[in-house]
Amino acid sequence: MPFAIKAEIHDPRAKSFSFVAQKTMYGGKHIAKGDTVFMFASENEGGQGLIARGIVTSAQAIAKRRGVVRQTPRVSIAIRRTALAKRPLGRSELKRFSDWNDGQPQTELSFKFYRQATNKIVGISDQAAEFLGEFF
């Protein structure tokens with residue numbers, strides 16, 4: 001399964017990235033070493049959306065805290081960048097894709113990243129990964 005992450009990214013052109021205790025949704029907790037990941041710089045923190053594609057070099061699940069009933073699974077990951085995006089793709093480009101049942105990869109990304117404002121790691125479909133691949 002390919003993955004995508006939306007997070008605060010200070011240097012979009014860095015060769016490697018580290019994300020500590022990131023929330024996961026939509027299968028994101030299954031991310032593992034060797035997986036492909038598409039990186040989105042969160043617009044909530046001044047980013048511009050899709051910036052890079054990379055390979056996970058390490059992934060470690062964060063243990064749940066005792067006594068807390070509902071917890072979002074969290075994972076710390078490191079990524080080695082393999083490509084920089086050549087075209088923009090972010091909230092403004094995906095906003096019009098809001099018919100959650102239309103089956104388009106753009107709608108999947110809009111739903112998983114922009115329906116809620118939180119930063120997160122998500123599992124994406126092969127169709128969404130193929131669509132994102134067109135930006136490199």
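The values are calculated or read from the model by the stated rules, or taken from the named source; none is laboratory data. From a predicted model like this one, the values you see are computed outputs, not experimental measurements. Don't worry about glycine lacking a Cβ; one is built from the backbone with ideal geometry, like all the others, and counts go over all protein chains shown. The area values use the complete protein model at the heavy-atom level, side chains included, leaving out ligands, DNA and RNA. Shrake-Rupley method; radii C 1.70, N 1.55, O 1.52, S 1.80 Å.
Would you mind calculating the relative contact order of the chain from Cα pairs under 8 angstrom and at least 6 residues apart, reporting the percent as a whole number? Write out the running numbers ahead of the final one.
Numbers: 293 pairs, mean separation 45.4, N = 136.
Dividing the mean separation by the residue count of the chain yields 33 percent.
Rounded to a whole number, what % of the accessible area of the chain do carbon and sulfur atoms account for, probe 1.4 Å?
Working: 3600 of 7620 Å².
The value for the chain is 47 percent carbon and sulfur by accessible area.
Restricting to Cα pairs below 8 Å that are 6+ residues apart, what does the relative contact order work out to for region 1-57? Please round to a whole percent. Show your work: numbers first, answer last.
Working: 78 pairs, mean separation 23.8, N = 57.
Answer for region 1-57 is 42 percent.
Give the lysines whose C-alpha is closer than 30 Å to that of K33, dropping any in the same chain fewer than 8 places away, or say none.
Result set, ordered by chain and number: K6, K15, K23, K64, K86, K112, K120.
With every protein chain present, what is the per residue accessible area of the chain (1.4 Å probe, Å²)?
Working: 7620 Å² over 136 residues.
The answer is 56 Å² per residue.
Tell me the net charge near Y114. Cut-off is 13 Å between Cβ atoms, Y114 excluded, with +1 for each Lys or Arg and -1 for each Asp or Glu. Each step should come with its number before you reach the end.
Details: positive: K6, R91, K95, R96, K112, R115, K120; negative: E43, E93, E108.
Cβ neighbours under 13 Å give a net charge of +4.
Where in region 18-47 does the label zone of R80 land, with the point 7 angstrom along Cα→C-beta and an amide N cut-off under 18 Å?
Residues 18-19, 32-39 fall inside that zone.
Among G34, G67, G54, determine the one that fluctuates most according to a GNM of the chain built with springs between C-alpha atoms less than 10 Å apart.
Highest fluctuation among the options: G67.
What order do you get for 75-82, 56-63 when each peptide is scored by the mean count of other beta carbon atoms within 10 Å, highest first?
Final packing ranking: 75-82, 56-63.
What translational diffusion coefficient, to the nearest whole µm²/s, does the chain have by Stokes-Einstein, given a Kirkwood radius computed over alpha-carbon pairs, a temperature of 25 °C and 0.890 mPa s viscosity? Don't skip to the answer; put the middle values down first.
On the way: Rh = 14.9 Å.
My calculation gives 165 µm²/s for D.
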